[in-house]
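In what follows, a structure is listed as structure tokens, so that the remarks can point back to it.
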Amino acid sequence: MGNSELVSYAILSVNYNEKNNFLSNFEPFVLEIIKKTNPSQISKDDLKSGLKDEFGLEIPSSIIKIICRNLSDKGYLFTEKIYELSDRYVYKPDLEKIDSVNLISKSDSMVKDFNVLIESFRAFIINNFGDRENLDLSNEKLIGMVDFFVKENNVNLVLDTTFTNKYEKDYDNYLVANFVQHINESDPNNYATFLNIVKGNMLSESLYYNSSGNFEKKFTGSKFFFDTSFIMYAMGYSGPQRQMPCTELLNLLKVNQAELFCFERNITEVIGILTWSKHHLNSGKDSHNTITYFRENGINEEDIDLIISDLESSIENQLGIKISPDSDYDHEDYSNVIDYNGFLEFLSKNISYTKDISLDNDVEAVGSIMRLRKRKQPTNIEDCGAIFVTTNNTLAKKTKEYFLSQENIGIPPVLTDSVVTNLVWLKNPQLYPNLPSLKLIADCLAAINPSDRLWNKYIDKLELLTANNELIDKNKIVTLRYLPEAKKILMDKTMGDENAITEGTANEILVEIEKQRLTEIELVKEKERQKAQESIIEHKKENENLQKELKDRDSAYSNTLEIIRKRSNKRAATITFVIVFLICCLLGLLSFFTLELVELHKNIQIAISVSVTVLFPILGFISKFTGFDITLLIEKFQIHLSKFFFQNEYSFKNLNLN
């Protein structure tokens with residue numbers, strides 16, 4: 001199998017995101033077939049086979065007819081009857097106009113993204129499961145694994161994947177699911193590619209349930225009945241990851257005017273599961289992961305009793321699901337009654353039921369749906385009147401197979417929750433844009449768990465060991481039964497094969513869990529060491545930064561003081577010079593006018609005045625010989641004056657001088 005179909009799904013998803021119009025997403029594929037064949041005319045059957053061969057898309061003939069009609073309205077095709085009285089048509093293309101449509105550039109981009117996805121898948125398996133023997137990592141195998149995982153819930157497709165044994169499918173899905181969880185957490189580009197493939201499959205699959213092409217039609221008057229497992233998941237008894245897509249599906253159905261129901265027999269089954277869980281919180285099979293969820297969230301026996309007592313009101317109030325009595329058929333009118341014995345025998349041969357009551361309940365549920373339909377064979381899901389929604393993909397496929405053998409070619413009475421999710425989401429994708437991703441993660445969660453067949457065999461082996469007193473430690477028993485890691489290790493060691501379980505499997509799982517625990521302890525210690533080292537480095541950097549900051553502050557502080565000091569000295573020197581100059585001038589003037597009172601010669605008077613004026617310089621010169629230095633007095637005055645200016649400016653700037 002090539003990758004064309006999965007790439008086509010990705011292109012469909014991108015087209016849908018861009019156009020947000022349903023059938024127009026398929027038009028480029030039809031036009032591309034015409035471009036490649038370049039026919040003068042082409043039939044609906046030619047297009048159907050061309051889409052399958054070239055792109056891997058299986059599109060019902062009724063939908064191809066609608067697409068061709070839309071293309072005719074847009075001028076790409078011209079419709080012509082094969083002959084006058086025929087109701088069959090051929091289509092004559094406008095090749096020149098069709099040449100303007102370009103799908104290939106987008107296809108090239110998607111092929112590149114898909115190849116990156118497959119290479120990442122191969123690397124993931126090698127890094128995480130490389131010790132497994134005989135793992136086929138060829139492109140064909142890896143593409144087949146992704147293809148099967150994506151399309152497994154599509155009851156309309158006969159998957160061509162060939163498995164060497166009946167366990168290979170479970171392990172392949174397990175590997176894909178682990179990979180999807182990995183890229184969801186750490187590789188958004190590859191996850192977006194995978195999600196586009198899933199969305200494209202949703203778009204393609206929905207074509208089988210609406211022959212009219214009217215995908216906006218509501219579910220007015222349609223009754224949806226939900227099986228036991230769906231109710232368990234929707235009520236949150238298996239954890240939030242399983243709950244969220246269920247509750248969003250219910251909300252979307254309400255928006256589209258559907259009526260929600262479950263049968264009383266399903267409520268009885270739910271109560272039975274909860275009661276079993278209450279009595280086996282430390283031991284017991286846990287097919288819905290309910291015991292694991294209760295233990296992880298500290299829900300005890302008394303809490304479960306309260307859940308059971310409020311169950312019916314909780315289902316009606318929280319989920320909006322009404323409880324319908326188990327209807328009985330009119331004994332006087334058998335026209336709407338199925339062949340119960342024939343259907344029961346068919347299911348018992350094709351599905352491995354662990355309890356007869358589960359088989360009887362499924363037969364009764366399908367019988368009730370068919371009576372509500374009153375022998376109608378609707379081709380549109382919106383016109384079904386009643387549908388039984390199950391989480392059991394095999395039940396949906398085998399029910400469809402049975403009714404086709406009875407020449408009932410309408411929408412089958414049983415659809416999986418995945419199919420219903422696809423159909424109802426496409427009506428209002430803007431309301432819950434993350435629903436496909438939530439559903440994908442929920443599917444992964446289911447796929448990484450062991451199959452019921454494998455898990456039951458494992459539990460039987462544990463119970464045998466306990467009965468033989470070979471396993472008596474209660475903590476170990478709880479670990480082996482309910483620790484999620486135990487389920488993962490079981491899948492890793494058995495590769496999904498129940499026959500690989502031996503008496504030593506439990507001990508092997510305990511040893512592996514202990515290894516993982518020690519590894520986790522080492523990882524925690526290593527993280528603590530790294531954290532401590534990082535803290536030391538951070539403190540060192542903080543200390544260096546603080547030292548640098550203090551040094552910068554000291555430098556800035558010193559620079560500021562130096563600037564203030566220079567400025568104070570300059571001002572003091574200037575003022576001292578002015579004061580000395582003024583004193584000299586004043587003394588010179590005083591001596592001149594004083595000497596006028598004494599009758600001296602004018603020249604003598606001037607000479608004395610000049611001498612007095614230059615007294616300070618003369619005294620400074622004389623001080624060199626007498627030891628009395630008047631300049632010291634002037635310098636002291638200048639120093640005091642400089643200190644005065646310095647202190648004033650320092651106080652003004654609030655410098656903390658120590």
Original post:
Taking the stretch 464-505 as the search range and keeping residues that are part of a loop (DSSP other than H, G, I, E, B) and of a type in the set (S, T, N, Q), which one is surrounded by the fewest Cβ atoms within 10 Å (Cβ to Cβ)?
Top reply: 469
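Table: residues versus (1) modelled with pLDDT of 90 or more; (2) open to solvent by 50 Å² or more (accessible area, probe 1.4 Å); (3) on the phi < 0 side of the Ramachandran plot; (4) aliphatic (A, V, I, L, M).
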site	(1), (2), (3), (4)
59	no, no, yes, yes
68	no, no, yes, no
74	no, yes, yes, no
99	no, yes, yes, no
105	no, yes, yes, no
110	no, no, yes, yes
113	yes, yes, yes, no
117	yes, no, yes, yes
124	yes, no, yes, no
Original post:
Among all residue pairs at least 6 apart or on different chains, which show Cβ distances below 7 Å where the first residue, located in the stretch 513-535, is closer than 21 Å to residue 492 by Cβ and the second is among the β-branched types (Val, Ile, Thr)?
Top reply: 513/479; 513/489
Original post:
So which residues in the stretch 402-413 are at pLDDT 90 or above and either open to solvent by 40 Å² or more (accessible area, probe 1.4 Å) or of a type in the set (Ser, Thr, Tyr) (or both), if there are any at all?
Top reply: 402
Original post:
What pairs come up if the first residue lies in the stretch 201-225 and is over 10 Å from residue 427 (Cβ atoms) and in contact (Cβ under 8 Å) with a residue 12 or more places away in the chain, the second is in a loop (DSSP other than H, G, I, E, B) and open to solvent by 40 Å² or more (accessible area, probe 1.4 Å), and their beta carbons are under 6 Å apart, counting only those six or more places apart or on different chains?
Top reply: 211/379; 220/257
Original post:
Yes or no: residue 327 modelled with pLDDT under 85, within 20 Å of residue 389 (Cα to Cα) and under 44 Å from the mean Cα position of the chain (by Cα)?
Top reply: yes
Original post:
Within the set of pairs 6+ apart or on separate chains, which have a first residue in the stretch 458-487 that is under 15 Å from residue 281 (Cα atoms), a second that is in a helix (DSSP H, G or I) and open to solvent by 70 Å² or more (accessible area, probe 1.4 Å), and C-beta atoms under 7 Å apart?
Top reply: 482/295
**OP:** Taking residue 363 as the residue in question, decide whether it is touching a helix residue (DSSP H, G or I) at 6+ places or on another chain (Cβ under 9 Å), open to solvent by less than 20 Å² (accessible area, probe 1.4 Å) and within 22 Å of residue 245 (Cβ to Cβ).
**Re:** no
**OP:** Look through 224, 215, 261 and report the one residue that is in a strand (DSSP E or B) and open to solvent by 10 Å² or more (accessible area, probe 1.4 Å).
**Re:** 261
**OP:** Scan the stretch 262-288 and report the pairs whose first residue is at negative phi and whose second residue is among the hydroxyl-bearing types (Ser, Thr, Tyr), with Cβ atoms within less than 6 Å and a gap of 6+ or a chain change.
**Re:** 263/324; 266/228; 269/228; 270/228; 277/290; 286/292; 288/238
**OP:** With the checklist (1) out of contact with any Phe, Trp or Tyr (no Cβ under 7 Å at 6 or more places or on another chain); (2) part of a helix (DSSP H, G or I) in hand, flag the one item residue 68 doesn't pass.
**Re:** (1)
Original post:
Looking only at residues in the stretch 414-444 that are open to solvent by 10 Å² or more (accessible area, probe 1.4 Å) and of a type in the set (A, V, I, L, M), which one is farthest from residue 380 (Cα to Cα)?
Top reply: 441
Subject >> Residues within the stretch 227-254 that are touching a Cys at 6+ places or on another chain (Cβ under 8 Å) and open to solvent by 20 Å² or more (accessible area, probe 1.4 Å), tallied >> reply: 1
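The values are calculated or read from the model by the stated rules, or taken from the named source; none is laboratory data. Every value quoted in this text rests on a predicted model; they were computed, and no experiment measured them. Cβ atoms come from the backbone with ideal geometry, glycine included; neighbour counts cover every protein chain shown. These accessible areas exclude ligands, DNA and RNA; they are computed on the full protein's heavy atoms, side chains included. Shrake-Rupley method; radii C 1.70, N 1.55, O 1.52, S 1.80 Å.
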